[in-house]
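These notes are about the structure you will find just below.
The values are calculated or read from the model by the stated rules, or taken from the named source; none is laboratory data. All of these numbers come straight from a predicted model, not from anything done at the bench. Every residue, glycine among them, receives a Cβ derived from its backbone with ideal geometry; neighbour counts consider all protein chains shown. We work out accessible area using only protein heavy atoms, side chains counted, and drop any ligands, DNA or RNA first. Shrake-Rupley method; radii C 1.70, N 1.55, O 1.52, S 1.80 Å.
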Amino acid sequence: MSTRTVITGTGHYLPSKVVTNFDLEKKMNTSDEWIRQRSGIVERHHAEAGVGSSDLAYEAALKAIESARIEKSEIDFIIAATLSPDHYFPGIGVIVQAKLGLYGIGALDVRNQCSGFIYALSVADQYIRTHTYHKILLVAAEVQSSNLDYSDQGRDMAVLFGDGGGAVILEPNNNDDGRGILSTHLFSDGRFIHDLWMEKPSPKDRPTFSVELFTANKFFPKMDGRNVFINAVEKMPEAVLAGLKHNSLAIDDVDLLIPHQANDRISQMVAKRLQIPL
Ligand SMILES: CC(C)(COP(=O)(O)OP(=O)(O)OC[C@H]1O[C@@H](n2cnc3c(N)ncnc32)[C@H](O)[C@@H]1OP(=O)(O)O)[C@@H](O)C(=O)NCCC(=O)NCCS
């Protein structure tokens with residue numbers, strides 16, 4: 001009898017403030033048409049000042065716990081994925097833990113940016129399969145809107161990114177009924193870190209924070225959208241095919257593919273390359 005990890009509850013939370021493409025047109029030289037055509041995005045949510053990724057993660061966690069029909073006290077481990085923690089350190093895992101009042105249980109932070117949830121899911125899967133933990137709360141949340149460049153210089157990123165949180169409860173399934181995570185396949189390529197990164201602040205600098213770095217706009221994230229796009233549409237299908245092959249499955253066996261990101265043009269290209277309908 002083999003143990004597999006199943007998602008028994010899901011929850012998500014979005015801050016209430018909606019920012020449409022037309023709202024962004026007032027801030028920078030962009031247009032609803034440009035954004036829609038290239039990303040499919042019509043609107044995004046922005047958190048108010050004072051709200052951090054731990055707050056969004058906490059709200060999402062409450063919904064996931066309710067959806068899984070468990071008591072929060074049953075949770076024995078927390079994994080949190082974010083690139084926008086409330087603080088430089090510690091991560092948000094312990095903050096969510098404290099908000100839930102689950103003092104003392106382990107809380108791990110995962111820093112894998114857009115693919116943070118998927119990496120965190122793979123970590124949780126190992127803990128569940130090895131019977132280390134039995135009810136894991138996995139949260140993934142971002143507050144990106146507070147540090148985007150809303151001038152024309154940063155418009156490529158500012159129109160794509162927003163704020164939100166998601167959470168799942170993960171439990172073992174020992175029933176041998178085929179349900180659960182079959183395998184996980186993770187890839188990365190450190191040669192391309194400059195294509196999407198926030199270079200500063202960096203502890204390599206003395207001092208880490210300076211007026212010079214600030215006025216040089218060094219504290220904003222930067223993206224080479226074209227390279228990110230090319231890599232995404234190449235690598236996502238490769239990862240899907242690797243997962244299928246490992247499990248002796250074919251693309252026709254798949255009913256639904258859920259991409260880890262919201263850029264519709266990337267999803268369209270991935271669907272085309274995998275020869276699956278949108
Ligand atoms: C960013 C992205 C939408 C740009 O699309 P693109 O097809 O490469 O862009 P195009 O070649 O059509 O247009 C580039 C031009 O639009 C301009 N532009 C950039 N952002 C713009 C905006 N928000 N509004 C209007 N014009 C914009 C650029 O300055 C550039 O102008 P130039 O040609 O005068 O230099 C696209 O590269 C992309 O989706 N990349 C992936 C990004 C992503 O998903 N990141 C998250 C990954 S998790």
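Residues checked against (1) surrounded by fewer than 19 Cβ atoms within 10 Å (Cβ to Cβ); (2) part of a loop (DSSP other than H, G, I, E, B); (3) within 16 Å of the ligand (Cβ to nearest atom):
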residue: Ile95; (1), (2), (3): no, no, no
residue: Lys99; (1), (2), (3): yes, no, no
residue: Leu108; (1), (2), (3): yes, no, no
residue: Gly116; (1), (2), (3): no, no, yes
residue: Ala120; (1), (2), (3): no, no, yes
residue: Gln126; (1), (2), (3): yes, no, no
residue: His131; (1), (2), (3): yes, yes, no
residue: His134; (1), (2), (3): yes, yes, no
The lone exception for Ala262 - which of (1) more than 23 Å from the chain's Cα centre (by Cα); (2) modelled with pLDDT under 95 it fails | (1)
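Which residues, taken from the range 136-150, are in a loop (DSSP other than H, G, I, E, B) and either open to solvent by 30 Å² or more (accessible area, probe 1.4 Å) or free of Cβ contacts under 8 Å to residues at least 12 places away in the same chain (or both)? Let's see the steps before the verdict.
Looking only at the range 136-150, we keep the residues that are in a loop (DSSP other than H, G, I, E, B), and these are 143-144, 148-150.
Selection gives Gln144, Tyr150.
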Can we say Ser2 is exposed (fewer than 13 other Cβ atoms within 10 Å of the Cβ), within 30 Å of Tyr133 (Cα to Cα) and away from the ligand (no atom under 16 Å from the Cβ)?
-> yes
Can you run down the residue pairs with Cβ atoms below 8 Å, 6 or more apart or on separate chains, where the first is in the range 19-43 and farther than 17 Å from Gln268 by Cβ and the partner is in a strand (DSSP E or B) and charged (D, E, K, R)?
-> Val19/Glu43; Val19/Arg44; Thr20/Glu43; Asn21/Glu43
Residue pairs meeting the criteria (Cβ under 8 Å; at least 6 apart or on separate chains; first over 21 Å from Asp163 (Cβ atoms), in the range 243-272; second of a type in the set (Asp, Glu) and assigned to a helix (DSSP H, G or I)) | Leu244/Asp253
For Ser73, indicate whether it is modelled with pLDDT under 95 and over 18 Å from Leu160 (Cα atoms).
-> no
Pair list, Cβ < 8 Å and 6+ apart or interchain, from the range 169-195 residues that are closer than 13 Å to Ser122 by Cα to residues that are assigned to a strand (DSSP E or B) and open to solvent by 70 Å² or more (accessible area, probe 1.4 Å) = Leu170/Ile7
Among the residues listed as Phe192, Phe209, Phe219, the single one being aromatic (Phe, Trp, Tyr), closer than 25 Å to Leu160 by Cα and more than 16 Å from the ligand (Cβ to nearest atom) | Phe219
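Restricting attention to the range 148-189, and to residues there that are acidic (Asp, Glu) and under 29 Å from Val233 (Cβ atoms), which single residue is nearest to the ligand (Cβ to nearest atom)?
Going through the range 148-189, the residues acidic (Asp, Glu) turn out to be 149, 152, 156, 163, 171, 176-177, 189.
Within this subset, residues satisfying the condition of being under 29 Å from Val233 (Cβ atoms) are 149, 152, 156, 163, 189.
Values: Asp149: 11, Asp152: 8, Asp156: 4, Asp163: 15, Asp189: 14 Å.
Only one residue tops the list, namely Asp156.
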Restricting to helices (runs of 4 or more DSSP H) lying wholly in the range 16-69: which have 3 or more residues that are closer than 30 Å to Leu170 by Cα and either among the small types (Gly, Ala, Ser) or within 13 Å of the ligand (Cβ to nearest atom) (or both)?
-> 53-67
Does Lys204 satisfy the condition of being loosely packed, with under 12 Cβ neighbours inside 10 Å, away from the ligand (no atom under 16 Å from the Cβ) and modelled with pLDDT of 95 or more?
-> yes
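Kindly establish whether Tyr88 is in contact with a helix residue (DSSP H, G or I) (Cβ under 9 Å, 6 or more places away or on another chain) and open to solvent by 70 Å² or more (accessible area, probe 1.4 Å).
Working: in contact with a helix residue (DSSP H, G or I) (Cβ under 9 Å, 6 or more places away or on another chain): no; open to solvent by 70 Å² or more (accessible area, probe 1.4 Å): yes.
Taking the combined requirement at face value, the residue does not satisfy it.
Here is a check on your reading of the model: is Gly165 touching a residue at least 12 places away in the same chain (Cβ under 8 Å), crowded, with 20+ Cβ neighbours inside 10 Å and at positive phi? Break it down stepwise before answering.
On the way: touching a residue at least 12 places away in the same chain (Cβ under 8 Å): yes; crowded, with 20+ Cβ neighbours inside 10 Å: yes; at positive phi: no.
Spelling it out, it is not the case that Gly165 is touching a residue at least 12 places away in the same chain (Cβ under 8 Å), crowded, with 20+ Cβ neighbours inside 10 Å and at positive phi.
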Which of the residues belonging to the range 251-277 are more than 22 Å from Gly225 (Cβ to Cβ) and open to solvent by 100 Å² or more (accessible area, probe 1.4 Å)?
-> Asp252, Asp255, Leu256, Ile258, Gln275, Pro277
